[in-house]
């Protein structure tokens, strides 16, 4: 099994080569001349300053970036913050319907939440977290470049999503809202962490999708065309999910990665994200388990229809299996039972866990390599990285795996 999983293991020399290629792509994204053809887009966010903990007030936030979206009401005061939120589902027919339908649904959920929180009569500022690739033209103007993460709404690509939200709110006629900023989830993560710690300079998401942002000097961001408000810095939204779309990661991609990609809604796109994020981790694991079973190395060669069906091995299974303390196989046995696999031996469970560990460690290693590249590029001695997303939150070892890999890749003197 270990031998058959070798292609899922990235040694330090491969990680260093990935880092070198990634840094090269960042430079291309930042430069005016190479930006149009750059794979890692390094979009300018127009955010020049980070919060310092002194901000106060009452704010609404919308967070759209996966199969669910959240509406939040946040109150900041000098000593604490209070946050109330509600999660709404986005049905499949809306994810694949028209843009107008999507934004009408969002406005409808926003109205329900405001009514529930009894703030319908107030005019509140709203921050819009929209976690898809955007070209920003300012703090409140963002043009959708392409859909990712299973979305494919018509008439949105190439349009300003802030205007589409405002139009949907106006169609209702019963909400008083001022949209103050649009940003993506990695920027939001960095900003919220910076409210608490002044060393925060990088934001990372490892959830349904994966992306990162960081603080760059305005002079290096050649597409930045705003007035310097004094910091000399600007946040850059890397859109690192697309890293590798030009073949830069082909030397480490496996048959499982190619299978996942070909069967996705966006073949050939977001190849880095497809090796890291929660939307694909379960399926990568399932494909490896299927192959090993058919080779007679698992379950005496007898799998099940469920195991051999695309999408049936959820990413949460990977976290659950790896959450079992050493020597216990309870979660693994329960999951394999759910998948209708008979006569499972303890060795089968140990092997299944090993496959899960290979897939999740590779994801953590790739994310860590990106972060270490940024830390080395920024070359500041002390930096806090803000991280969020379901994989990072719920996988039992992701944080520790990342700490270890980042430490092995950063230049001496960076903590």
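At-a-glance table
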| item | result |
| --- | --- |
| Filtered residues of region 169-199 (kept if under 16 Å from residue 402 (Cβ atoms) and touching a residue at least 60 places away in the same chain (Cβ under 8 Å)) | 189, 193 |
| Residue identified as in a helix (DSSP H, G or I) and surrounded by fewer than 24 Cβ atoms within 10 Å (Cβ to Cβ) among 320, 305, 273 | 320 |
| Pick from region 116-136, criterion loosely packed, with under 15 Cβ neighbours inside 10 Å and not in a helix (DSSP H, G or I), ranking: modelled with the lowest pLDDT | 121 |
| Members of region 276-298 found to be farther than 23 Å from residue 251 by Cβ, touching a residue at least 24 places away in the same chain (Cβ under 8 Å) and not in a helix (DSSP H, G or I), listed by number | 295, 297, 298 |
| Any hit, region 24-45, residues being within 30 Å of residue 299 (Cβ to Cβ), touching a residue at least 24 places away in the same chain (Cβ under 8 Å) and part of a loop (DSSP other than H, G, I, E, B) | no |
| So residue 393, is it within 30 Å of residue 215 (Cα to Cα), surrounded by fewer than 23 Cβ atoms within 10 Å (Cβ to Cβ) and assigned by TED's automatic domain parsing to the domain that holds residue 285 | yes |
| Some residue of region 145-164 being at pLDDT 90 or above, assigned to a helix (DSSP H, G or I) and in contact with a helix residue (DSSP H, G or I) (Cβ under 7 Å, 6 or more places away or on another chain) | yes |
| Wholly within region 167-257, strands (runs of 3 or more DSSP E) carrying at least 2 residues that are closer than 28 Å to residue 105 by Cα and in contact with a strand residue (DSSP E or B) (Cβ under 9 Å, 6 or more places away or on another chain) | 177-183, 200-206, 210-217 |
| Test for residue 414: is it in contact with a helix residue (DSSP H, G or I) (Cβ under 9 Å, 6 or more places away or on another chain), assigned to a loop (DSSP other than H, G, I, E, B) and touching a residue at least 24 places away in the same chain (Cβ under 8 Å) | yes |
| Residue under evaluation residue 178, criteria (1) at pLDDT 90 or above; (2) more than 20 Å from residue 59 (Cα to Cα); (3) surrounded by fewer than 18 Cβ atoms within 10 Å (Cβ to Cβ), criterion not met | (2) |
| Test for residue 113: is it without any contact (Cβ under 8 Å) to a residue 60 or more places away in the chain and crowded, with 19+ Cβ neighbours inside 10 Å | yes |
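Each row is one residue, and each column tells you yes or no for (1) surrounded by 14 or more Cβ atoms within 10 Å (Cβ to Cβ); (2) assigned by TED's automatic domain parsing to the domain that holds residue 177.
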{"position": "7", "(1), (2)": "yes, no"}
{"position": "26", "(1), (2)": "yes, no"}
{"position": "65", "(1), (2)": "yes, yes"}
{"position": "72", "(1), (2)": "yes, yes"}
{"position": "85", "(1), (2)": "no, yes"}
{"position": "104", "(1), (2)": "yes, yes"}
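The values are calculated or read from the model by the stated rules, or taken from the named source; none is laboratory data. Worth saying up front: this structure is predicted, and the values here are computed from it rather than measured. So basically every Cβ, Gly included, is an ideal-geometry build from the backbone, and we count neighbours across all protein chains shown.
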